[in-house]
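**Q** Attaching a single structure in structure tokens format; questions to follow.
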Amino acid sequence: MGLDSISFFKNASQRLQWLGNRQKVISENVANSDTPGYKAKDVTSFAKMLEGTQKTGILTTNPRHIGSSTDVPGVKSVIDQEAWSETITGNTVVLEQQTIKANEVGENYQLAVQLYRKGHDLLALATTGIR
């Protein structure tokens, strides 16, 4: 029996994949911070990913933008409606906002890894009785 068949581990693994995809979108925003007309993006919520209601893929606002695809079903990149401002060139990437988001992703990733590790330790303890 693999750990992915246990719902806790499956959810933790999906959360880690979602966070990885969110970090990827944030890094694409930072890379395009000087691109005229570029709109900041974010991914759909983790809850929507679990529902599986969203299509896989990424939305590009200009055919010249380098697109990427997510490899997690249910994760979709969308225009960030909460972007702080827009430059005169139409770019909505604010580096400070992207830094805050990247930090949140890092903290959430560490939390998910710790929970996954603790779950594994508890499972090992329950099956072997060795601490």
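Quick note: the coordinates plus some simple rules give every number you see, no bench work behind them. Note that the structure is predicted; figures quoted are calculated from it, not measured. Note: ideal-geometry Cβ built from the backbone for every residue, glycine included; neighbour counts use all protein chains shown.
**Q** Work out from phi, with θ = phi - 60° and the Karplus expression 6.51 cos²θ - 1.76 cosθ + 1.60, the ³J(HN,Hα) of each residue of region 93-110, listed in order in whole Hz, and give x for Gly and Pro.
**A** Each residue of region 93-110 in turn: 7, 10, 4, 4, 5, 5, 5, 4, 5, 4, 5, 4, 4, x, 5, 5, 5, 4 Hz.
**Q** Please list, ordered by chain and number, the residues whose modelled amide H lies under 5 Å from the amide H of Val78; skip anything fewer than 5 residues away on the same chain.
**A** Result for Val78 returns Asp42, Val43, Thr44.
**Q** What FRET efficiency comes out for the pair Ser7/Gln110, r = Cβ-Cβ distance, R0 = 22 Å, nearest 0.05?
**A** 0.50
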